[in-house]
1. For the list (1) of a type outside the set (Ser, Thr, Tyr); (2) touching a residue at least 24 places away in the same chain (Cβ under 8 Å); (3) part of a helix (DSSP H, G or I); (4) open to solvent by 40 Å² or more (accessible area, probe 1.4 Å), I need the number of the one condition that residue 343 fails.
2. Just to verify a result, which residue in the stretch 275-300, among those that are assigned to a loop (DSSP other than H, G, I, E, B), in contact with a strand residue (DSSP E or B) (Cβ under 9 Å, 6 or more places away or on another chain) and of a type outside the set (A, V, I, L, M, F, W, C), is most open to solvent (accessible area, probe 1.4 Å)?
3. Tell me which of these residue 70 doesn't satisfy, since it passes every other one: (1) at pLDDT 95 or above; (2) open to solvent by 20 Å² or more (accessible area, probe 1.4 Å); (3) of a type in the set (Ser, Thr, Tyr).
4. Quick one: in the stretch 115-140, which of the residues that are modelled with pLDDT under 95 and open to solvent by less than 20 Å² (accessible area, probe 1.4 Å) is nearest to residue 240 (Cα to Cα)?
5. State all residues of the stretch 272-304 that are of a type in the set (S, T, N, Q) and closer than 21 Å to residue 255 by Cβ; if no residue qualifies, say none.
6. When you check residue 111 against the structure, is it closer than 28 Å to residue 130 by Cα, open to solvent by less than 10 Å² (accessible area, probe 1.4 Å) and touching a helix residue (DSSP H, G or I) at 6+ places or on another chain (Cβ under 8 Å), yes or no?
7. Test each condition in (1) open to solvent by 30 Å² or more (accessible area, probe 1.4 Å); (2) part of a strand (DSSP E or B) for residue 75 and report the one that comes out false.
8. Can you tell which of 13, 27 is open to solvent by 10 Å² or more (accessible area, probe 1.4 Å), farther than 30 Å from residue 152 by Cα and either under 19 Å from the mean Cα position of the chain (by Cα) or modelled with pLDDT of 95 or more (or both)?
Amino acid sequence: MQQHTLRRRRTGLTGVDLDLACAGFTLYTPLASTGLVRLVDLAGEPVHEWRLPYRPGRHARILPTGTLAYNGVHPDGPPLFPFWDKYRGGVMLEVDAAGDILREHRDPMAHHDAHHLGDGRILYTALEPLTPAEARSVPGGVAGTEDRGTLHADVIKEVDSAGRVGWSWRAIEHLDPADYPLQPHYPREHWPLVNSVFPLADGNILASLRSVSSVIVIERSSGKVVWRLGPEVLAQQHNAQELADGHFLIFDNGVFRTGESVPFSRVIEVEPISKDIVWSYRDRQPESFFTPFMGSAQRLPNGNTLVTESAYGRIFEVTADGRTCWEFIVPEFAGYAEPRLAAAFPAESNAIFRAYRYTAEEVPWLGRQP
């Protein structure tokens, strides 16, 4: 009998309501693959793929220019704590439909998100070690769990097409650690763990801080935090982004959620002035939709929302009233090839970081309708 629980379950397309689903093609990147990026149609059939020379450092995205932005794992990244091997990146590529690399930027300390802005600039997250005094200023976390005595903190950088840093932001300079303590169960390895960065229409930066369960707006001109939604609402969230109407869409994982004994994930839409949740999705049986790490959501042109339950390779689409109209389970399972990573995480996985849906007009080189 198959001993891998997820492999015993159905994979590929599990259901579709063509009257409700948003037409288009879905892009995903299996994290344990050696560089596969795949585009599938609404029937779950592959219509295009890329085979890139680096293991995925989280995800890929198609830019408005039609090229692929891909975040790969730097081949010579530093060996830090075990989870660093799993979520580091460091090679930021722009690739054409044929797989030819058009542009490349490298930073061995990069991790999680790299937001390619489409004009050669890239906004991304990176790590730096704190000094012992800086580390002592950060409260919380599990005592004694530093990475060989070191606590790492985030830096957000924006580089131009030549790789020159044009803007940067250091968490330790602009956050008061007393206001952003590590959550009690979290290792003292990485603070505050910025897992997404998003450029806002007004020029400021929206950032998700996982290990302190907060989403913040950073004023670009000063580096000050001018807006915050914290652990009173969020629980180790991901993928904070701005919608066309100025609302924020956030994937809220639900790990150690305040006031809840049973974890569940949800997607919330927040009106930033009032901080009211104006729309949300969670499963009718809440614990049936849960990913303890990663996760994403995308608002689609027809008003539906594409959701990624990342740890289990599940991508699904829901209508505004919460009806599921498309579901696909990533069928590609693999183990990590790097020995250190394979030793720490030996099980095969079909996990992905994010998935994105694209209309036929956004992938004109494909030359077909969904």
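1. The number of the failed condition is (2).
2. The first filter runs over the stretch 275-300 and keeps only residues assigned to a loop (DSSP other than H, G, I, E, B), leaving 275, 282-285, 289-295, 300.
Now narrow it down to the ones that are in contact with a strand residue (DSSP E or B) (Cβ under 9 Å, 6 or more places away or on another chain): 275, 282-283, 289-291, 293-295, 300.
Still in the running and of a type outside the set (A, V, I, L, M, F, W, C): 275, 282-283, 291, 295.
Details: 275: 86, 282: 119, 283: 36, 291: 0, 295: 1 Å².
Per the criteria, the residue is 282.
3. Answer for residue 70: the failing condition is (2).
4. 116
5. Taking the stretch 272-304 first, the residues of a type in the set (S, T, N, Q) are 274, 280, 285, 288, 291, 296, 298, 302, 304.
Within the stretch 272-304, 280, 285, 288, 291, 296 qualify.
6. Numbers: closer than 28 Å to residue 130 by Cα: yes; open to solvent by less than 10 Å² (accessible area, probe 1.4 Å): yes; touching a helix residue (DSSP H, G or I) at 6+ places or on another chain (Cβ under 8 Å): yes.
Taking the combined requirement at face value, the residue satisfies it.
7. That leaves (2) as the condition not met.
8. Values: 27 fails: open to solvent by 10 Å² or more (accessible area, probe 1.4 Å).
Within the list 13, 27, the selection yields 13.
The values are calculated or read from the model by the stated rules, or taken from the named source; none is laboratory data. These numbers come from a predicted model, not from an experiment. Note that each Cβ is placed from the backbone with ideal geometry, even for glycine, and that neighbours are counted across all protein chains shown. These accessible areas exclude ligands, DNA and RNA; they are computed on the full protein's heavy atoms, side chains included. Shrake-Rupley method; radii C 1.70, N 1.55, O 1.52, S 1.80 Å.
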